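**Student:** I have a structure here, written as structure tokens, and I will follow up with some questions on it.
We did not get these values from a lab; they are worked out from the coordinates using the rules stated. Since this is a predicted model, take the numbers as computed values, not measurements. Glycine gets a Cβ as well: all are built from the backbone with ideal geometry, and neighbour counts include every protein chain shown.
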Amino acid sequence: MKAFRDFIKVVTTLRPEEFVEQFPHPVLIFSERPGAVESFAHTRLVESTAGSEHIDRFSEELMDFIVLLPNPKTGREFPRKSFIGRDEKRDFTIQHSTVSKRHACLLRDEGEGAYKLVDSGSTNGTCVRGRTLKPGEPVRLFDGDVITFGKVDFLFFSPEGAYRFMRQYRMFRQAMQR
């Protein structure tokens, strides 16, 4: 895990393709403060039909959020399927009592160029954009989506979306400090 404020510094030193090469996995951002992500429901990249993106708002609070990085213990390159759960053998490990050992699976659908999330029949469920997932049914994810595993909320970003979001966030912060 790495603090968002530290991670954002890395983004400023890399070009988009370098960032994606270094971080070829989805980026999950969370706060240790319960309920903090709920207030960021409007902080999402929105894909319009015109193909442009915009971010609704930013908050200083994001600087204290944490980036959940893949578990280095698995020793795997980032796979097309990534498993999420409390078990330390998972690709993304979330140490929280409401997260099942084998909670969910993130899939990269190369055909659609999209990420999908599937609940693995977890005890406390998985939600995307406030909607509870049915076990085994994949749901497409979009940059900035709020995902809840048990009672832990995350902001989801593809590698490319994370780069855009962090660059735009940094530019916004710099503009506000002038």
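**Student:** Highest first, please rank the peptides 19-32, 106-119 by the mean number of other Cβ atoms sitting within 10 Å of their residues.
**Tutor:** On the way: 19-32: 18.3, 106-119: 15.8.
Highest mean packing first, the order is 19-32, 106-119.
**Student:** Given labels modelled 7 Å from the Cα in the Cβ direction, how far is it in nm from T98 to N124?
**Tutor:** 0.5 nm
**Student:** Sticking with this one: At what distance in nm do the modelled label points of D87 and S59 sit from each other, each positioned 7 Å from its Cα along Cα→Cβ?
**Tutor:** Taking the simple label geometry, D87 and S59 are separated by 3.4 nm.
**Student:** Which order do peptides 123-129, 141-147 fall in by mean Cβ count within 10 Å, highest first?
**Tutor:** 141-147, 123-129
**Student:** Still on this structure: Can you work out the FRET efficiency for the pair Q174 and E18, with r the C-beta to C-beta distance and R0 = 30 Å, to the nearest 0.05? Intermediate values should be presented prior to the final figure.
**Tutor:** Details: r = 21 Å, r/R0 = 0.70.
The value I calculate is 0.90.
**Student:** A further question on this structure: Which whole-Hz ³J(HN,Hα) couplings does the range 11-17 yield from phi under the Karplus relation 6.51 cos²θ - 1.76 cosθ + 1.60, θ = phi - 60°, glycine and proline marked x?
**Tutor:** In residue order, the calculated couplings are 4, 5, 9, 10, 7, x, 5 Hz.
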